[in-house]
1. Can you give me the ranges of the helices (runs of 4 or more DSSP H) entirely in region 97-215 with at least 3 residues that are polar (S, T, N, Q), surrounded by 22 or more Cβ atoms within 10 Å (Cβ to Cβ) and modelled with pLDDT of 95 or more?
2. If I ask for residues that are of a type in the set (Ser, Thr, Tyr) and closer than 16 Å to residue 267 by Cα, which ones from region 282-311 would you list?
3. Specify which of the listed residues (292, 314, 279, 296) is at pLDDT 90 or above and outside the structural domain of residue 206 (by TED's automatic domain parsing).
4. Please return the ranges of helices (runs of 4 or more DSSP H) entirely within region 233-341 where 3 or more residues are touching a residue at least 12 places away in the same chain (Cβ under 8 Å) and of a type in the set (Lys, Arg).
5. Testing residue 225 on (1) in contact with a helix residue (DSSP H, G or I) (Cβ under 8 Å, 6 or more places away or on another chain); (2) small (Gly, Ala, Ser); (3) assigned by TED's automatic domain parsing to the domain that holds residue 199, one condition comes back false. Which one is that?
6. How many residues does region 125-154 contain that are over 18 Å from residue 194 (Cα atoms) and among the hydroxyl-bearing types (Ser, Thr, Tyr)?
7. Please list, ordered by first then second residue, the pairs with beta carbon atoms under 6 Å, 6 or more apart or interchain, first in region 188-214 and under 10 Å from residue 154 (Cβ atoms), second modelled with pLDDT under 95 and outside any helix (DSSP H, G or I).
8. Taking the criterion of being over 22 Å from residue 142 (Cβ atoms), of a type in the set (Ser, Thr, Tyr) and either assigned by TED's automatic domain parsing to the domain that holds residue 147 or not in a helix (DSSP H, G or I) (or both), would at least one residue in region 68-84 satisfy it?
Amino acid sequence: MLTFGFRPAIRDDFGLYPFLILTMIVMTSVVALAVTERSGLPVDMSPIADGYIQRGVRSEDLALQRGEDHFSRGNYDRAITEYKRFLFFHPDDHRTAAAYLKIGLAFGRLSDWQQSIEALWTAIRQTEDPRQQAEIRLQLATILIASNQAEIALTTCAKILSQIGDANPSLPSTQSGAGAVGSSPLSSMRYLRSRTTFLQGVAYTHQYRWKEAQEDFLTSGLVKSETIQLLKSLAEEDGKSARIARWMSTFLPGSGQVYAGEWQDGLNALVLNGTIVSAIVLLVRSERRSEAGLLASTIFWRYYNGNRRNATEAVLRYNQKKNNRQVNNVLDTLNREITDQPPIGVEGQLKLTDREVR
């Protein structure tokens, strides 16, 4: 074969025919693509994560759709991966706030509170729309309550009420469509305010502030009378007094623990302190006053003061258990009688905020 001083790119023993065939296939594909584009038909030849090609849908839309599909099926880890893929390839898309919101909610469903809170804060920073920020903060308050951060949740709710108070109630959201946050008709300012005051009531409930919870539930208009009456009765109840328990154990060791319902500890304290006092009395009667004084100033004083301190702690434990049972009772009542869908956001699960009673 004549090479005119250079060798072809393809070896002689391989042959030029496969090369020519490949060239014709590529040229045919280019011509077909040009004709399709000229005709105005939508074309998207971007490969998707699983290796197939879909036409007529943008790759970023597919990423969001796949994330939504995994989220709706409860595959939260995979949903988070798809949302993060969308954010990585399209960091300037107008739907980044919505993607971070869904990441935060997915982490919340997985009970990864810290990751959820971080994602929701990022979502708030990704949008300047007051209504969208308020909606995301509402979800953030829900996660904060679920993670036993009621005080921060109250601060977040106060921010929401301040934010929607300054906004024009007729102001529409600046975004619409699948990527918009809060585009539902239920996301009116009035309903948003009701949901926020409801969440405040839940947060107050977790702090055992029954009166404030009752007022917020009434203001929200989303709670029926059974919960209101329950909170009213709780507000009128007084827990056991740590001061009374301490004074009881001062005069009779162990009686403060019995007052707090811890009979075994009370009996132990009574027997132990009684035994030490008996030993001191016997030493005094046998003219061994120095030994009696040493016993009284060391062992007896330690156990006697410990008995008084334990009585105070026993009352605190009793009140804590009682309050936790009351919190769960309030939440169970709310679950039964909420007049609409549970307005604590997408989570919609008051059981997330139940207190463990030990």
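The values are calculated or read from the model by the stated rules, or taken from the named source; none is laboratory data. Quick caveat, the model's predicted, so the values are computed rather than measured. In this analysis, Cβ positions are derived from the backbone assuming ideal geometry, glycine residues included, and neighbour counts consider all displayed protein chains.
1. Qualifying helices (runs of 4 or more DSSP H): none found.
2. Quick first cut of region 282-311, residues of a type in the set (Ser, Thr, Tyr) only: 286, 290, 297-298, 303-304.
Those that are of a type in the set (Ser, Thr, Tyr) and closer than 16 Å to residue 267 by Cα: 303, 304.
3. Working: 292 fails: at pLDDT 90 or above; 279 fails: at pLDDT 90 or above; 296 fails: at pLDDT 90 or above.
Residue meeting the stated conditions: 314.
4. Details: elements: 242-251, 255-259, 263-285, 289-295, 301-337.
The helices (runs of 4 or more DSSP H) meeting that bar are 301-337.
5. (1)
6. Matching residues across region 125-154 total 2.
7. Here the result reads 199/344, each pair linking region 188-214 to a residue that is modelled with pLDDT under 95 and outside any helix (DSSP H, G or I).
8. For region 68-84, residues over 22 Å from residue 142 (Cβ atoms), of a type in the set (Ser, Thr, Tyr) and either assigned by TED's automatic domain parsing to the domain that holds residue 147 or not in a helix (DSSP H, G or I) (or both): present.
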